[in-house]
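Below is one structure, written out as structure tokens; comments come after it.
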Amino acid sequence: MPAEQIARVVIALAAAVMLAIAAAHPSVRRLEQRFGLSVLAASGFPLLALGYAFRAFGVVTEQTLSDLRPVYEFGLGWIGLAVGMQLNVRRLDELPPSFTTTLALMTLPATLLAAVSCALLLSGLGLIYGSGLLRDVLVLAACAAVSAPANLRLLLRHGPPRAMQLVSAITQVDQVAAFAILALVASMFRPQATVLWRLPRSGWFIVTLGVGFLLGVIIYLLLRNVRSRAEEFSLLIGGVALAAGTAGYLALSVPVVCALAGAVLANVPYHDRARLEATLGDFERPMYLLFLFLVGTTWRPLEWQGWVLGIVFAASRGYGKLIGARAAVRLAAADLPAARNLTLALLPESAVAIVVIFSLATLDPAPIPAIAWGINAVIVGSVLTEIYVQAMQRREARSVGEETGRFVTHFV
Amino acid sequence: MNVTRAMLMLLGVTAIAYAARSFLPFGATVTGSGAALALGFLIVAAIQMSHAADAVRFPHLTGYLLCGFLFGPSVFGIVTEAMIADLALVKGTAVGLIALLAGCELNFRHLRPRLRAISAISIATVALNFILLTTAFFWVASTVPVTAGFGVLGRLAVAVICANVVAAFSPAVVIGVITETEAKGPLSELCMSIVVVADLAIVVIYSLTSTLARSVFPEARQAGGITVLAAHIFGSIGVGIAFGIILALYIRRVGSRTGLLVFALLFIAAEAGRVLHLDPLMVGLTAGLFLENVSPVSGEQVTKATEVIALPTFAIFFAVVGAELHLRAFLHVAPFAVVAALVRATGLFIGTKIGVIIAGVDRDVGRLVPFGLLPQAGVAIALAVLVLNDFPPWGRVLGTILLGSIVVNELIGPVLFRFALAKAGEIRHRPARNEAESSEEVAVV
């Protein structure tokens, strides 16, 4: 390796470490809170840009990305397990009956509108049916479904007491809906490869469910009798890697299989669930940051199609949420706040959207440009939504005379 | 009951891994997924095997090694060669972490009273082993057809380089056994210090002996010579100090998720080390020594912060080391390998005895020290592989003998060292889970 390249690698790696340290520093977190920014905008975006710059300047090579592949498959699995762990049926049973209707209305119109508008645009850009159009549109629709809660204390202050509980539950369960779409896409649009198992495409969906359930049971049995916290952590890492590896080996969607395993874990009796959830949560933020870095290496911000797709995606998603909120409020007014506030509360895009779109890119061995545009669309959509929600929140805050710095949006 | 459950779980995860492998044609693998599958399978299976090892009072490390060996390419083949190759980076990171923990345990101020003993035993064992092993390998070189035709100088060069490799120790195994048994006392401290110091010397000496051997065998793959060697050693030390500074600053200013940062730094060291010729072992060791002896942060803080990630790291590292053992190649050269292992053990016992007499170490402790010096793993394997690759054609034959000898020490060493620690009374008593739970209940009542 030439001396110039070595110097570049050293400086770049040092920069990455410094950035990671800065992202974890309490003063950065205080700043995030002071300005009411999400992690994506504060700590995540620099990592995204860094990933892009590393790739552009040749610091991150194909070899490095290949070396990192087990790491990001593991990361996908970890996030999947964390999402699945949120599907605790007992907790859902405690929600009011209007939850299912609200969830459907806050998810379906946004999903459908985003799917139709993105399909039209992608067709206009030359992508034809049969060349991955349906697959990409379905995944973008799944990305449109997921929400991260905005400042609920501010936006739901005049809402009924159960509104906060409902909105929080929606942000957890809509991720499951996105993963369900992803499972379908991963089964129906499997890459062709030389394999020994021959199954119809619908058969792969059943295999996905079976493998996820089986691995959930295995992870549970492994964790049931751990002797120490270190052993619990090790077996959790091992279990997630085993699940991710098995799913990847069978060309199934890694986050979906791990989410199913997580759902099994969430619904069986466990001696210290709080500790398990804390361990998962502890590593979730670094995993997302790592993802943003990896997404940065495949990001193509110079292609205008991605920007246009991002604007269309964000606008159709936002409008879909508004339509859904109006309908939901009409049907279950007793449990919900005003439609405008409900829309704002569920408008920010969850980082799970980036995981969903990125996992599509990993499923396809030879990704087509539309996936890169899709990644850009999710990033652009997320930033645009963030800006809009921040502006609305500040206006709302000024109207009630509270200090804006205290209004924090959440990342997931 | 615990062992039965562990074995059932082992059977379950093996079935899953086997089923996944049956998806692709034999020998094919999926980049990334193969490594993730191997990583997950090896961590889970190694921990189950360690429960079985624990039940028969063997160290957990033996369980990890056996797991890798059984499920690796040599026996059942669940983990393939390609998967192991994909795990190289994880292995590099693990070596760095093991070395960092070793460095954090070595406080020069505490070691000062034992410095005489450490240096006397290190010099005596390394020097005596060099003499005995060089003689033994000179005989091997005269017997094996591929080197029998060499002149005296040629056979001597072969013998010196092989002796150098077999003389290596294993800080990773010694630290691994000490960590898992939570041993504390003069024997564990002495063994750990000796293997770290002596192994550093062995690595430096290898660079010199291999340069010498290259001048005798012009057909050998040429390394960059002394300049590259200096860059390799001093570069690693420099990066280690830089990591130490970053870690010290991070622990003082941020203090949260230190384990993750340590892992990230060591991952970078392993990744960048491939292009920058850095040694993760030396980088980790220097960072640990810097933290414990120079920085205001104590090594104990780092050890505590990395406590949770240490177990999976050890499990995966030793399982991979076990998976890299080649049964067929070993059986082929077994007699020579056993002779080399016996000669090494003799050198260690006599060398330690001489060192103990010179330094005036307590006889009871001195008697047990050689058991801590017996284990071999990472560094010795790395050096043997260098011989295998750099000195064709004789390197292939002699390299296999070296690996065979390392296998013997790798499998027997940790078991004997654990018994030695138990005999010295340095292993901390850990109550069984039920016992601990019931005592907690009593405390609550």
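No lab work stands behind these numbers, since they all come straight from the coordinates. These numbers were taken from a predicted model, which means no experiment stands behind them. Neighbour counts run over all protein chains shown; Cβ positions are idealised from the backbone, glycine included.
Springs join every pair of Cα atoms under 10 Å in this Gaussian network model of chain B, and among B:Val90, B:Val203, B:Val56 the largest mean-square fluctuation is at B:Val56. Counting Lys and Arg as +1 and Asp and Glu as -1 over every other residue whose Cβ lies under 13 Å from the Cβ of A:Ala241, the net charge comes to -1.
Charge tally around B:Asn107: other residues with Cβ under 15 Å, Lys/Arg +1 each, Asp/Glu -1 each, net 0. Please say if the range B:133-262 is rounded, prolate or oblate, where rounded means a/c under 1.5 for a ≥ b ≥ c the square roots of the C-alpha gyration tensor eigenvalues, and otherwise the choice is prolate for a/b larger than b/c and oblate otherwise? Because a/c hits 1.5 or more and a/b fails to exceed b/c, the range B:133-262 counts as oblate. In this rough spin-label picture, where each label sits 7 Å from Cα along the Cβ direction, the B:Val204-B:Lys184 distance is 3.2 nm.
Within the shell of other residues whose beta carbon sits under 13 angstrom from the beta carbon of B:Phe330, the net charge comes to -1, with Lys and Arg scored +1 and Asp and Glu -1. Size of the range A:198-257: Rg and Dmax of its alpha carbons, in Å, are 13.1, 44. Here the Kirkwood formula puts the hydrodynamic radius of the range B:263-344 at 15.9 Å, using every distinct Cα pair. Taking 18 Å as the cut-off, the amide N atoms of the range A:163-185 that come nearer than this to a point 7 Å along the Cα-to-beta-carbon line of A:Ala338 belong to A:163-164.
The simple Förster model, with R0 at 56 Å and r as the Cβ-Cβ distance, assigns A:Ala49 and B:Leu115 a FRET efficiency of 0.65.
Within straight-line reach of B:Lys304, meaning a Cα separation under 22 Å, sit the following lysines at least 8 residues removed in sequence or on another chain: B:Lys91, B:Lys184.
In the elastic network of chain B, a GNM with C-alpha springs shorter than 10 Å, the most mobile of B:Leu133, B:Leu24, B:Leu373 is B:Leu24. For the pair B:Val146 and A:Ile311, label points projected 7 Å from Cα toward Cβ lie 6.8 nm apart.
Which three numbers, in whole Å and largest first, are the semi-axes of the equivalent ellipsoid of the range A:55-115 derived from its Cα gyration tensor as √(5λ)?
Working: eigenvalues 297, 71, 8 Å².
So the three semi-axes of the range A:55-115 are 39, 19, 6 Å.
When a/c reaches 1.5 or more, the comparison of a/b and b/c decides; with that in mind, is chain B rounded, prolate or oblate per its Cα gyration tensor? Walk me through the numbers on the way to the answer.
Details: a/c = 1.38, a/b = 1.17, b/c = 1.17.
Verdict is rounded for chain B.
Between B:Arg428 and A:Leu65, how high is the FRET efficiency from 1/(1 + (r/R0)^6) when r is the Cβ-Cβ distance and R₀ = 60 Å? Nearest 0.05. Result of the calculation: an efficiency of 0.85. Taking GluC sites (Glu not before Pro) across the range B:146-219, the ones in a DSSP loop with at most 16 further Cβ atoms lying within 10 angstrom of their Cβ are B:Glu182, B:Glu219. Among A:Ile79, B:Ile161, B:Ile309, A:Ile357, sorting on how many other beta-carbon atoms sit within 10 Å of each Cβ, with the fewest leading, yields B:Ile309, A:Ile357, B:Ile161, A:Ile79. At R0 = 22 Å, how high is the FRET efficiency between B:Tyr18 and B:Leu327 if r is their beta carbon distance? Nearest 0.05 is fine. Efficiency at R0 = 22 Å is approximately 0.70.
Could you tell me whether the range B:273-320 comes out rounded, prolate or oblate from its Cα gyration tensor? Rule is a ≥ b ≥ c as square roots of the eigenvalues, rounded for a/c under 1.5, then prolate if a/b exceeds b/c, otherwise oblate.
Numbers: a/c = 3.18, a/b = 1.13, b/c = 2.81.
Here the range B:273-320 falls in the oblate category.
With all projection directions averaged, the alpha carbon convex hull of the range A:204-306 covers 8.2 nm².
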